[in-house]
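K.L.:
Would you mind keeping the following structure in view while I ask a few things?
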DNA sequence: GCGACAG
DNA sequence: ATCTTGTCGC
């Protein structure tokens with residue numbers, strides 16, 4: 001059958017999303033296919049408290065100094081609900097817009113979510129990596145699937161994340177005695193290399209500097225762009241309608 | 001049937 | 001993800 005022209009790539013039904021996921025999952029490369037990494041980007045999305053607005057931000061860091069090289073952001077309206085396993089269809093649209101605004105192309109992208117540690121081996125990091133054909137790493141704060149297992153207490157300790165005996169990622173302790181993170185291949189990078197980079201990015205905190213800086217930026221943008229336009233003003237003692245209140249007493 | 005379930 | 005107060009500690 002002939003492939004249909006996609007004019008609105010993100011207006012998909014759940015069934016279409018599952019099918020697309022299955023098609024794209026075949027393109028994921030789980031081995032190292034990356035050159036010298038000079039720049040690393042982090043991507044993240046924030047949600048407006050009382051609307052379906054989303055804001056995505058990208059922060060590109062110098063891989064050696066971890067200094068910010070460039071950053072960008074984009075606003076969007078959620079077009080897809082949050083369904084565990086179809087996460088990328090909700091967050092990728094604004095992330096892609098933010099990435100398109102960049103002047104430099106990052107050599108590696110660290111995502112806030114899973115790579116192949118996913119039911120159909122196609123988490124957010126894989127989706128983003130395949131679309132741009134850029135090396136990506138999935139680094140989640142919690143797991144989506146896989147048998148729960150604790151690595152040793154020391155920073156750098158890992159334990160394989162297993163799904164029916166298959167290694168789909170690593171549970172990596174990035175700081176002594178601190179909750180681990182879940183690392184998995186996104187695209188064009190091996191699990192071992194992915195863990196090395198994540199550990200290298202976790203200098204002082206549990207999460208990679210890329211995710212931390214992007215999280216900061218995304219919240220900042222949300223505050224800047226969404227201040228003053230709340231649909232319903234909060235009910236406080238200051239704006240109670242006293243005349244209406246008294247008429248009912 | 002019951003629990004789990006990235007952000 | 002977001003809501004949310006105080007609290008413990010360097």
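K.L.:
May I ask for the distance between the Cα centers of the stretch A:102-148 and the stretch A:21-52, given as a whole number of Å?
P.N.:
4 Å
K.L.:
Does the stretch A:1-108 come out rounded, prolate or oblate, given a ≥ b ≥ c as the square roots of the eigenvalues of its C-alpha gyration tensor, rounded meaning a/c under 1.5 and, failing that, prolate meaning a/b above b/c?
P.N.:
oblate
K.L.:
Just want the ordering: A:179, A:206, A:143, from fewest to most Cβ atoms lying within 10 Å of their own Cβ.
P.N.:
On the way: A:179 12, A:206 16, A:143 19.
The order, fewest Cβ neighbours first, is A:179, A:206, A:143.
K.L.:
Using 0.36 nm per residue, how much length does the chain from residue A:103 to residue A:15 gain when fully extended, once their Cα-Cα distance is taken away? Could you put the intermediate results ahead of the total?
P.N.:
Working: separation 88, 0.36 × 88 = 31.68 nm, distance 3.56 nm.
Contour length minus Cα-Cα distance gives 28.1 nm.
K.L.:
Same structure again: Have a look at A:180, A:160, A:81 and tell me which one the Gaussian network model of chain A (Cα, springs below 10 Å) gives the largest fluctuation.
P.N.:
Fluctuation is largest for A:81.
K.L.:
Right, next: Quick check on the exposure proxy: order A:55, A:69 from fewest to most C-beta atoms within 10 angstrom.
P.N.:
Details: A:55 25, A:69 18.
Least crowded to most crowded, the residues run A:69, A:55.
K.L.:
Does chain A come out rounded, prolate or oblate by the C-alpha gyration tensor, with a ≥ b ≥ c the root eigenvalues, rounded set by a/c under 1.5 and, if not, prolate when a/b is larger than b/c and oblate if not? Write out the running numbers ahead of the final one.
P.N.:
Working: a/c = 1.74, a/b = 1.48, b/c = 1.18.
In terms of gyration-tensor shape, prolate.
K.L.:
For chain A, what is the mean residue ellipticity at 222 nm derived from helices alone (per DSSP H run of n ≥ 4: -39500 (n - 2.57); sum divided by total residues; nearest 500 deg cm²/dmol)?
P.N.:
Details: 6 runs with 68 residues, N = 249.
My calculation for chain A gives -8500 deg cm²/dmol from helical runs alone.
K.L.:
If you take the beta carbon distance between residue A:51 and residue A:216 as r and set R0 to 25 Å, what does 1/(1 + (r/R0)^6) give as a FRET efficiency, to the nearest 0.05?
P.N.:
Working: r = 22 Å, r/R0 = 0.87.
It comes out at approximately 0.70.
K.L.:
In nanometres, what is the gap between the two model label sites at residue A:149 and residue A:67, each 7 Å from Cα along Cα-to-Cβ?
P.N.:
The two pseudo-label positions are separated by 4.1 nm.
K.L.:
Let me ask something else. How far, in nm, would the chain grow between residue A:224 and residue A:75 when pulled straight, counting 0.36 nm per residue and subtracting the alpha carbon separation?
P.N.:
52.5 nm
K.L.:
Would you mind ranking A:127, A:148 so that the residue whose beta carbon has the fewest other beta carbons within 10 Å leads the list?
P.N.:
Values: A:127 29, A:148 9.
Exposure proxy ranking, most exposed first: A:148, A:127.
Throughout, read-outs are computed from the coordinates displayed, never taken from laboratory work. As the structure is a computational prediction, the values presented were derived from the model and not from experiment. Here Cβ is always computed from backbone atoms with ideal geometry, including for glycine, and neighbour counts include all displayed protein chains.
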